[in-house]
Amino acid sequence: MDYKLLGSTGVKVSRLCMGTMTFGKEADKAASASIFRRCRDVGINFFDCANNYAGGEAERILGELIHDCRGEVVITTKVFRRVGADINARGTSRRHIMASVEESLRRLKTDYIDIYFC
């Protein structure tokens, strides 16, 4: 696997980033785990997620999968799309970003997110 520097961060990421949009939807937990293991086997260390993928289930599954290798992977997640019925449960207001990042951290079972997209 080829790796590239992520901007000026000094962090190296695989040229391929695995998107987890299907985790918890088209790919159940077992299929998601198989996909994740295969990615890791070929050297992928870069995984993209979002707070609204499969109603948050993609983050929950990814959180379980990165438990033993958190320091070796680079995780992205996103905020903006609607995640609830409340009028404020979407967008880029401070309120929604703060609530969403806390929920993402909880689902991902980590204390940091490497890249947070708005």
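The values are calculated or read from the model by the stated rules, or taken from the named source; none is laboratory data. If you're wondering where the values come from, they're calculated on a predicted model, not measured in any experiment. For neighbour counting, all protein chains shown are included, and Cβ atoms are generated from backbone atoms with ideal geometry for every residue, glycine included.
Identify all residues within the range 91-118 that are among the hydroxyl-bearing types (S, T, Y) and surrounded by 15 or more Cβ atoms within 10 Å (Cβ to Cβ); write none if there are none.
Selection gives S100, S104, T110, Y116.
State all residues of the range 35-83 that are out of contact with any Cys (no Cβ under 6 Å at 6 or more places or on another chain) and among the acidic types (D, E); if no residue qualifies, say none.
Correct list: D41, E57, E64, D68, E72.
Here's the yes/no breakdown for (1) within 21 Å of E102 (Cα to Cα); (2) surrounded by 12 or more Cβ atoms within 10 Å (Cβ to Cβ); (3) at pLDDT below 95:
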position: L5; (1), (2), (3): no, no, no
position: T20; (1), (2), (3): yes, yes, no
position: E26; (1), (2), (3): no, no, no
position: C39; (1), (2), (3): no, yes, no
position: D48; (1), (2), (3): yes, yes, no
position: N52; (1), (2), (3): yes, yes, yes
position: A58; (1), (2), (3): yes, yes, no
position: L62; (1), (2), (3): yes, yes, no
position: E72; (1), (2), (3): no, no, no
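Looking at the range 32-49 only, could you name the residues that are closer than 17 Å to G71 by Cβ and not in a loop (DSSP other than H, G, I, E, B)?
Those that are closer than 17 Å to G71 by Cβ and not in a loop (DSSP other than H, G, I, E, B): F36, C39, R40, F46, F47.
Among residues belonging to the range 9-18 that are without any contact (Cβ under 8 Å) to a residue 60 or more places away in the chain and either assigned to a loop (DSSP other than H, G, I, E, B) or of a type outside the set (A, V, I, L, M) (or both), point out the one that is surrounded by the most Cβ atoms within 10 Å (Cβ to Cβ).
S14
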